[in-house]
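The values are calculated or read from the model by the stated rules, or taken from the named source; none is laboratory data. If you're wondering where the values come from, they're calculated on a predicted model, not measured in any experiment. Please note: Cβ atoms are built from the backbone with ideal geometry, for glycine as well, and neighbour counts cover all protein chains shown. Heads up: the accessible areas ignore ligands, DNA and RNA and are worked out on the full protein's heavy atoms, side chains in. Shrake-Rupley method; radii C 1.70, N 1.55, O 1.52, S 1.80 Å.
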Amino acid sequence: MTIRVLPPDVAAKIAAGEVVERPASVVKEMVENAVDAGASTIRVEIQQGGKRLIRVMDDGCGIPTEQIPLAFARHATSKLTSVEELTKVKTLGFRGEALASISAVSQLTLVSRPIEQEAASRIRIEGSEQTSFGATGAPAGTIITVENLFYNVPARLKFLKADATESGHIYRIVSHYALAYPHIRFSLQTDTRTAFQTNGSGDLFDALAAVFSLETARKMIAVGEEDVLGEANPSVMGYVGSPSLHRGTRDQIIFFVNRRWIQDRALNQAVIQAYHTFLPVQRYPISVLNIMMDPAMVDVNVHPTKAEVKFQDARSTFRAVQKAVREAVVAASPVPSYGNPAPAPNFGGVGGHAGDTAAWRTQNEHRGLGFSQLGFEVQRTSPTAFDGLGHIEHDHAALTPASAVPLDETGIPMMRVVGQVQQMYIITEGPDGLYLIDQHAAHERILYEKLMAQKAEAAVARQQLLEPAVVDLAPGHAATLAAELEVLTAVGFELEHFGGNTYRIRAVPEMLGHAEPVQALVDILAEMADGAIPLAKETHEKVAITVCKRASIKGGQVLSQEEMRELIRQLEETTAPRTCPHGRPTMLHLTPGQLAREFGRH
Ligand code: ADP
Ligand code: MG
């Protein structure tokens, strides 16, 4: 093989691949440039999820005419001049490669005018080729329009997702920058609507209300004091949710370091730990926190899209976040009374089942777990097996003889329930040994097959609410709902648009009949937007999985003997009892041989 230097257009496309993965990456780079340009208003427009068009307009410093071609050269930047500066970057950009990369894989038009210049200049670049450059009229600032992203890289184009999915990623980027820079007026326009806009008041509370909803913003607690830039000790500022505000996913734990949006698993954990004992199990807080620190203490040049950073002292950053959040949460909460069951949350006024609305009970709530909540259609025939306190009672049901059990590859044998451990796993005995069954995963499997069977017969069971519940959605969630309304209807929701981002819930899937409808819908939308389910799955399948996940019993719920038996019985009847719809195992099996070996009996 002969080694050759790649032609420039090929090299440019390869380099672009690192920065530009999808429309949202373009939006991120261009919004960062607008922030660096000192804009006070940033307007983002997208068409067809950004695939057809992305336009970012700002009123920042603009680019002088003679420097415009240079802005598109690789490694050309106005933000760095020396290696030393790289160790203390204060701007969001610094590599000088975004415009070069974006213009290599799209048809790009830039119009820019510094305020002191009379006329604006306009340049058009298609696949790195300059096709025009001249003067034009425009207000001070910069407008960059990126059309037909990846038009010349079909391999990339193929991997882009549905418009709604790509819009969702863009929404995440723009809304997070809006939270990081509350003094900048942000707006995001999609083909049909204003997804959200902030007022640029400089007050983070206003930005929270615009991005999440006023209702959510009101349930948030301020963290920390004024920014102190340049101190070695990081300072942590922002808002965190009060313990009554929680989500089924971690995607609303948001961090900025010196106002750069970053993702950091350890810091997520710092926030989650700060809520220890305050949140129900498997629920996650909402937080929007900016960590200010000496730029020399953080390396922002460790990730291709700058989405992750490296802290010189990661432990002290972790501690600072945890301490700030914990202090705020503790200060805002009444003293928790350990050991006393918390009163069931009262959502009032919703449908005909106000007495039993909590499908997400906390660890303390051992009582009142009804059969109906499990979605089981059984009569309680044996009151002695259910003492209401979750105590395990011995089940004297006869053990099925091993010889009588037909076993195939995927099925499971008849089992005898032994008990529950960690309020999470059910121990059973089968003819071929011992099983540990994950109660949540098992229930997900059962509900999923039930729902799929109903869908196949076009007879999805829904529960009408006596009075429709009104929900004011965060704009991102409203966009997801609008895009997937048909699929949500197919699984049993009946939703009615009520203007803006407000919807009326008229009916819910029957399996969610005992959940608080607003909370359940919001959780499902968050989960859908999160994309935690393998992308290969069809949307309708993903939504079905998400609904079942939300409806199923969770870890932390004490089950009576009767409930466990019913769960196992229904699991036995499923076609794929050994995995949950996400593909994780529902059970672990220990054969008599394994047990004997472990105990040294051989
Ligand atoms: P970087 O941001 O790393 O410097 P980019 O390729 O994103 O690299 O941009 C190159 C240069 O173009 C920037 O350094 C800046 O001088 C100029 N530029 C880009 N976008 C804008 C904008 N919206 N307003 C003013 N100048 C801009
Ligand atoms: Mg840049």
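Enter the accessible area of residue 74 (Å², nearest 10), with the probe set to 1.4 Å and all protein chains included.
80 Å²
For segment 496-602, with all protein chains present and a 1.4 Å probe, just round the carbon and sulfur fraction of the accessible area to a whole percent.
52 percent
Quick one: order 2, 502 from most to least accessible surface, probe 1.4 Å.
Values: 2 105, 502 30 Å².
I get 2, 502, largest accessible area first.
Given Cα pairs under 8 Å that are at least 6 residues apart, what percent is the relative contact order of segment 190-300?
Details: 171 pairs, mean separation 31.6, N = 111.
Result for segment 190-300 is 29 percent.
Can you send over the solvent-accessible area of residue 518, 1.4 Å probe, protein chains only, in Å² to the nearest 10?
Roughly 40 Å² of residue 518 is accessible to a 1.4 Å probe.
Mind grabbing the accessible area of residue 432 for me, 1.4 Å probe, Å², rounded to tens?
Roughly 40 Å² of residue 432 is accessible to a 1.4 Å probe.
Give the ranking of 554, 88 by solvent-accessible surface, highest area first, calculated with a 1.4 Å probe.
Values: 554 35, 88 105 Å².
Per-residue accessible area, sorted high to low, gives 88, 554.
Determine the share of segment 234-293's accessible area contributed by carbon and sulfur atoms, expressed in whole percent, with a 1.4 angstrom probe.
Values: 850 of 1800 Å².
Here carbon and sulfur together make up 47 percent of the probe-accessible area.
Ignoring ligands, DNA and RNA, how do 84, 32 rank by accessible area with a 1.4 Å probe, largest first? List each step's numbers first, then the result.
Details: 84 120, 32 0 Å².
Reading off the accessible areas and sorting them downward yields 84, 32.
Counting Lys and Arg as +1 and Asp and Glu as -1, what is the net charge of the other residues whose Cβ lies under 15 Å from the Cβ of residue 433?
Details: positive: 416, 578, 597, 601; negative: 429, 432, 598.
Cβ neighbours under 15 Å give a net charge of +1.
For residue 58, what is the net charge nearby, where nearby means another residue's Cβ is under 15 Å from its Cβ and Lys, Arg count +1, Asp, Glu -1?
Working: positive: 28, 43, 55, 113, 185; negative: 29, 32, 36, 45, 59.
Once all neighbours under 15 Å are counted, the net charge is 0.
Report, by chain and number, residues whose modeled amide H sits under 5 Å from the one on residue 419, excluding near sequence neighbours (fewer than 5 apart, same chain).
Excluding prolines and chain starts, which carry no amide H, the hits are 427.
Roll a 1.4 Å probe over the protein chains and send me the accessible area per residue for segment 46-147 in Å².
Per residue, segment 46-147 has 46 Å² of solvent-accessible surface.
How big is the charge dipole of segment 213-299 about its Cα centre, in debye rounded to the nearest 20, if each Lys and Arg gets +1 on its Cβ and each Asp and Glu gets -1 on its Cβ?
Numbers: 8 positive and 9 negative charges, 109 e Å.
Taking the Cα centre of segment 213-299 as origin, the dipole is about 520 debye.
With Cβ to Cβ distances under 13 Å as the rule, what net charge do the other residues near residue 459 carry (K, R +1; D, E -1)?
Details: positive: 450, 455, 462; negative: 457, 510.
Its environment carries a net charge of +1.
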